[in-house]
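Encoded as structure tokens, the structure appears first; notes follow it.
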Amino acid sequence: MIRLRVLILLSALALLSGCAGTPERDTTDFKKAAQLNAELGLNYMVQGKNELAMEKLLKAVEYDDDSVEAHHYIAELYRRLERKDKAGEHFQRAADLAPNDSAIQNNYGVFLCGEKRYDEGVTRLLKAVENPVWPGRGQAYENLGQCLLEKGDMVRAEQYYREALKVNVNLPKALLAMADISLQQGNHISARAFLQRYAAVAPHTPHSLWLGIQIERVLGDRNALSSYGMLLRNNFPAAEETKLYLKSK
């Protein structure tokens with residue numbers, strides 16, 4: 001998921017203290033207070049101070065229920081706290097308030113896919129990639145691929161993983177997913193190529209090493225097979241993939 005950008009004003013604490021009393025009934029003042037509380041809440045959330053973060057974010061929503069940032073950040077916090085109902089409520093609010101904000105649409109889409117609401121998630125993710133200059137398009141395409149793969153739609157998943165790699169040829173998740181899909185399709189040469197590209201940009205995982213073992217067993221490169229097996233045993237002795245490998249030797 002796209003990491004939220006931290007926007008903290010250096011003078012936030014000082015300015016916020018001026019709003020701590022009873023503010024004048026001015027819309028601009030309320031919006032400023034909401035923005036400052038939202039930024040403070042995000043800062044606390046990044047630091048892992050969830051209680052303080054929640055306090056500030058709830059206050060931000062109280063000052064301005066139309067604050068996109070406040071609803072977005074509090075949705076992320078509720079998601080981390082596994083309050084799925086509340087997270088969904090605030091994601092929905094943020095997404096409705098900012099239908100053209102790609103980052104919000106992406107994050108809401110990821111949340112929906114995680115809740116197995118795949119069609120809704122895909123709709124939001126497709127909205128996220130509409131902006132051709134948004135820098136997170138590659139990751140959003142990866143998220144589309146993952147969501148559709150979890151739904152069981154490998155054909156469309158492959159389509160969006162390939163779109164992700166058009167945006168950025170070095171996206172690790174897309175490369176590993178394409179290695180996996182190619183293996184399942186019986187395209188072992190293609191699977192090997194995607195896995196090699198993955199290994200050039202990201203560290204191996206138990207899953208990637210197990211893929212390599214399965215690929216090289218078919219293609220017959222004994223040296224590569226031995227290397228993948230040794231890395232799996234030595235680096236991930238307790239992994240399920242290691243147990244599968246040892247059983248299948």
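Each value in this text was obtained by applying a stated rule to the coordinates, not by laboratory testing. All of these numbers come straight from a predicted model, not from anything done at the bench. Cβ sites come from the backbone with ideal geometry, for glycine too, and all protein chains shown count toward neighbours.
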Computed ³J(HN,Hα) along the range 197-210: with the Karplus parameters 6.51/-1.76/1.60, θ = phi - 60°, integer Hz and x for glycine or proline, the list is 5, 4, 5, 7, 10, 8, x, 5, 10, x, 5, 5, 5, 5
Taking only C-alpha positions in the chain, Rg and Dmax in angstrom work out to 22.4, 76
Residue by residue through the range 129-137, the couplings from Karplus 6.51 cos²θ - 1.76 cosθ + 1.60 with θ = phi - 60°, in Hz, x for Gly and Pro, are 8, 5, 7, x, 9, 5, x, x, 4
quick shape note, the range 170-249: Cα extents on principal axes in Å, largest first -> 28, 23, 20
Taking GluC sites (Glu not before Pro) as exposed when in a DSSP loop with at most 14 other Cβ atoms inside 10 Å, the chain has its longest clean stretch at 131-249
Under a Gaussian network model of the chain whose springs join Cα atoms within less than 10 Å, the largest fluctuation of Ile74, Ile181, Ile189 belongs to Ile189
Compactness check, the range 101-168: C-alpha Rg relative to the 2.2 N^0.38 Å globular estimate gives 0.96
Place a point 7 Å from the Cα of Asp221 in the direction of its beta carbon; the residues of the range 179-210 whose amide N falls under 13 Å from it are 188-200
For the Asp29, Val133 Cβ pair and Förster radius 22 Å, calculated FRET efficiency rounded to 0.05 is 0.05
Taking Leu225, Leu144, Leu211 and counting other beta carbon atoms within 10 angstrom, the fewest-first order is Leu225, Leu211, Leu144
Least to most buried among Thr242, Thr123, by other C-beta atoms within 10 Å and fewest first, runs Thr123, Thr242
